[in-house]
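As structure tokens, the structure follows; a few thoughts come after it.
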Amino acid sequence: MSLERSRKVIVLSVLAVLVTFVVFIGFSAVSFMMSPQKNIQVSSISNVTGAKAAQPTQGHTHAAFMVFVDGKAVDFSGSKYQNKDLLTHFENGDGVTLHNHSRKAWLGMFLQTLNMTLANNCLTLDSGASYCSDFDNQISFVVNGKANSQFQHYVPKDGDRILISYGNPDKIDVEIGVLNSTTISRT
């Protein structure tokens with residue numbers, strides 16, 4: 001009887017330790033999630049390169065951003081394009097001013113939040129339509145009036161004027177002019 005009683009005491013002791021451990025872990029997890037210092041905004045993109053998602057910085061930068069397809073600007077002022085990500089987004093119905101809250105939030109991440117992709121030779125819009133460079137038309141990526149080869153890897157900086165264009169490359173100066181004439185909202 002004494003041996004059986006000892007086994008019961010050991011089993012109950014082990015169970016008590018396990019229950020205490022589970023309660024402690026649960027309390028710690030809830031406490032961590034509720035802590036204001038730990039409530040960090042991170043990109044909604046799950047396939048960020050590297051081990052860590054981009055972390056917000058102290059700053060808040062603004063850039064002008066436009067996409068043209070065959071000479072027509074894509075209108076990002078609609079609600080389906082507004083506030084889609086915490087790090088980089090359009091807001092308040094402004095479809096030109098790109099708000100960036102991170103030094104590590106590259107343009108490809110932002111486009112993914114809009115269900116779009118950009119690669120060296122192709123642009124895919126949220127409609128599913130793809131526009132790829134060919135003999136007559138090409139994808140151009142221009143930052144502050146100069147061709148840029150970083151494409152989706154570019155990280156917008158304050159005051160940048162960023163253009164993605166598909167079409168006749170001889171007509172890109174008109175699109176750059178439209179981009180340069182827009183106001184970058186600072187709110």
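Annotations for the structure displayed:
- Test: Leu107 is of a type outside the set (D, E, K, R), modelled with pLDDT under 95 and either crowded, with 19+ Cβ neighbours inside 10 Å or over 22 Å from Ser77 (Cβ atoms) (or both): yes
Per-residue answers, yes or no, for (1) at negative phi; (2) assigned by TED's automatic domain parsing to the domain that holds Asp134; (3) at pLDDT 70 or above; (4) aliphatic (A, V, I, L, M):
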site	(1), (2), (3), (4)
Thr20	yes, no, yes, no
Ser44	yes, no, no, no
Asn47	yes, no, no, no
Gly50	no, no, no, no
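- Checked against the criterion of being aromatic (Phe, Trp, Tyr), surrounded by 12 or more Cβ atoms within 10 Å (Cβ to Cβ), in contact with a strand residue (DSSP E or B) (Cβ under 8 Å, 6 or more places away or on another chain) and under 27 Å from Arg103 (Cβ atoms), the stretch 151-169 has at least one qualifying residue.
The values are calculated or read from the model by the stated rules, or taken from the named source; none is laboratory data. Quantities reported herein were computed from a predicted structural model and do not represent experimental measurements. All Cβ positions, glycine included, derive from the backbone under ideal geometry; neighbour counts span all protein chains shown.
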